[in-house]
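The values are calculated or read from the model by the stated rules, or taken from the named source; none is laboratory data. The structure displayed is predicted, hence computed values, not measured ones. As a convention, Cβ positions derive from the backbone with ideal geometry for all residues, glycine included, and neighbour counts pool all protein chains shown. Protein only, heavy atoms only, side chains kept; ligands, DNA and RNA dropped before computing areas. Shrake-Rupley method; radii C 1.70, N 1.55, O 1.52, S 1.80 Å.
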Amino acid sequence: MKFRAVRPAAIGAVDAIIVPLASDGTTPAGLPRGTKTIVDRIAKSERGAGRTYGVTPSYAGDTRVTVVGIGKAGELDAERARNFAAAGVKSLWRSNAKKIAIVVPAGGAVDEDRATQSAVEGAIYASWRPEVHRTREEERRTAPLDSVLLVTAKPQTKAIARGEAVGEAVNLQRRMANEPANKMTPTVVASEARAAAAGTGVQVEVLDREQCRKLGMGSYLSVAQGSHQEPRFVVMRYRGRKNAKGFDLGLVGKGITFDSGGISIKPADNMHHMKADMTGAASVIAAIVAIAKLGLPVNVISVAPCTENLPGGGATKPGDVFTSMSGKTVEVINTDAEGRLVLIDGITYAQREGAKRVVDVATLTGAISVAIGPFFIGLFGQPRSFVDTVERVATAAGDRVWPMPLTAEYKDEIKGEVADIRNSAGREGGAIKAAAFLWAAVEDGTDWAHLDIAGVDWSDRDRPYAPRGPQGPSVRTLVALAESLAD
């Protein structure tokens, strides 16, 4: 799919045009006469045509005119611009449209540059479907678009490039998270990382079990003991400041390619969704590739500790003790609290590589869903100034985050009975205690944030920008954070 910005007078022949309509009937200026006539008619005769993300189709000759509501004109923001474009493209899934135009909305709290980037993202998001393994093409419902014209008042080369990089990264994360566990093993994740990084300047290193053992990653490797699939510790390095030592930002993603719970086995209901327990790993892989494509002058390292968590004759047992890469001993109380076991060794690795700031991303706890539901990412970290930065950047990027408490009292909650720390400390405040466990691996002087995406990574119903399935959280935040550091 190719994107290009054009002025209204240069739209030319297209198969479809997507036009925003505000709830007060306001329509964009400069539309082709036939299109404007139809949009004005719809605005006057179709009750509620401007309702947010409502779609009203019509035709001007052979051109399909898709009017998409954007709500109140004064409330337009980047998220609405993104969802507007996605809703319009989704309406074309069963059409034969190949060349379309999207009239970029502007005003409210978003300028044309940001609205253009958001529209590109939305169009890309809407071009992905989860039914990739159905054999009948018509049931996969992928959009057949070849080219998209962004109708704007001025050229938007940079905005389009950024929208493409971010949009493609989110779709990469969604595609990886959507794959079944037999097709997205730790070894395949490593291969996907190499393929995604090809030609971007990102260096990829994959550590095997023996290399991780020599580095002292006993906590990470404890999770891999019950699986026949070999663990893979994926490291990706991007140096946008080539002569600078260390890394401005370290990204660490939980890479459990299937989570049965291990010996502390999960209930059978919806266990198939545990194929997506590697969404954090997919997020940091996708994000660093987007950062490299944008050529940001910042040094970033992404770390994705990948393994399955299965029961078996060699699996970790509740009560077992292991030594993490940091040297702290870990008492495994519940083998289903495995994500934090792999993450602490990933956090330590990133710090030893010289990362000054570390952000980890994980489908870590069901407790975060209980606490804040399915619409917000749980945000934890230290110091507060860095947490505030991540919150600000995430909100502007379109990820909804909610800062959660994390104080010294929670360190006492995770003290082990026979070891330094324990990986489970009861149900009350479960998401906070999980964050406190990760905090134990954070060294003095490191800015750290933890994004618990377990409530938002998957949806069982369609949303304006995404069908059922993987939702693509946190990638936008990670790219925007790197961009803020570059600025």
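Please work out if residue 396 is in contact with a helix residue (DSSP H, G or I) (Cβ under 7 Å, 6 or more places away or on another chain), open to solvent by 40 Å² or more (accessible area, probe 1.4 Å) and among the hydrophobic types (A, V, I, L, M, F, W, C).
So residue 396 fits the description; yes.
Please give the number of the condition residue 132 fails out of (1) part of a helix (DSSP H, G or I); (2) of a type in the set (A, V, I, L, M); (3) surrounded by fewer than 18 Cβ atoms within 10 Å (Cβ to Cβ).
Among (1) part of a helix (DSSP H, G or I); (2) of a type in the set (A, V, I, L, M); (3) surrounded by fewer than 18 Cβ atoms within 10 Å (Cβ to Cβ), residue 132 violates only (1).
Scan region 356-374 for residues that are assigned to a strand (DSSP E or B) and open to solvent by 10 Å² or more (accessible area, probe 1.4 Å) and jot them down.
Across region 356-374, the qualifying residue is only 357.
Look at region 31-79 and say how many of its residues are part of a loop (DSSP other than H, G, I, E, B) and either surrounded by 14 or more Cβ atoms within 10 Å (Cβ to Cβ) or within 31 Å of the chain's Cα centre (by Cα) (or both).
Residues that pass the stated criteria total 14.
All but one of (1) touching a strand residue (DSSP E or B) at 6+ places or on another chain (Cβ under 9 Å); (2) within 25 Å of residue 416 (Cα to Cα) hold for residue 314; which doesn't?
If we test residue 314 against (1) touching a strand residue (DSSP E or B) at 6+ places or on another chain (Cβ under 9 Å); (2) within 25 Å of residue 416 (Cα to Cα), just (1) comes out false.
For region 32-47, state whether one or more residues are within 21 Å of residue 89 (Cβ to Cβ), modelled with pLDDT of 90 or more and of a type in the set (S, T, N, Q).
yes
Which of the residues spanning region 54-70 are closer than 29 Å to residue 400 by Cα and either of a type in the set (Val, Ile, Thr) or at pLDDT 95 or above (or both)?
Selection gives 55, 56, 66, 67, 68, 69, 70.
Could you go through region 17-25 and let me know if any residue there is surrounded by fewer than 16 Cβ atoms within 10 Å (Cβ to Cβ) and of a type in the set (Ser, Thr, Tyr).
So far as region 17-25 goes, no, none of its residues is surrounded by fewer than 16 Cβ atoms within 10 Å (Cβ to Cβ) and of a type in the set (Ser, Thr, Tyr).
Residues that are touching a residue at least 60 places away in the same chain (Cβ under 8 Å) and over 28 Å from residue 166 (Cα atoms): find the helices (runs of 4 or more DSSP H) completely inside region 379-455 holding 2 or more of those.
Fully inside region 379-455 and qualifying: 430-439.
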